Amino acid sequence: MVPMNYYIVLAFILFFIGLMGFILRRNLIVMLVSIEVMLNGIIILFAAISHYVKDVSGYIIIFFVIASAAAESAVGLTLAVLIYKKLKTVYSTDINNFNG
């Protein structure tokens, strides 16, 4: 059986990789993928805690995190496509300069 510390370390590594990807990258698609990586780290953490505590509430939270991640990716990719159609770019620095 894998110790819980390994799951916690894996969850924090995934979360910080996603956080650094979100902070350092300017491409809108990469930023959305980084948010997904952060949410996957949270899912792993909740699953590990719920497994070791033998409680079902962590799995219920995981269900809602997965549902919100799916909604976020659908809305985010739709916005990215619409922004690309309008501006012909998906870089956040160019989007910030857009007026109107």
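The values are calculated or read from the model by the stated rules, or taken from the named source; none is laboratory data. Bear in mind that the values here come from a model prediction, so they are computed numbers and not experimental data. Ideal geometry is used to build each Cβ from the backbone, glycine not excepted, and the neighbour counts take in all protein chains shown.
One table, with the values for the structure above:
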{"quantity": "Residue check for Ala48: surrounded by 16 or more Cβ atoms within 10 Å (Cβ to Cβ) and either touching a strand residue (DSSP E or B) at 6+ places or on another chain (Cβ under 6 Å) or more than 20 Å from Asn96 (Cα to Cα) (or both)", "calculated": "yes"}
{"quantity": "Exclusive hit being closer than 30 Å to Val2 by Cα, surrounded by 12 or more Cβ atoms within 10 Å (Cβ to Cβ) and either modelled with pLDDT of 90 or more or not polar (S, T, N, Q) (or both), set Ile62, Ile95, Ile83", "calculated": "Ile62"}
{"quantity": "Residue check, Thr78 at pLDDT 90 or above and loosely packed, with under 13 Cβ neighbours inside 10 Å", "calculated": "yes"}
{"quantity": "Selection status of Ser68, under 15 Å from the mean Cα position of the chain (by Cα) and surrounded by 12 or more Cβ atoms within 10 Å (Cβ to Cβ)", "calculated": "no"}
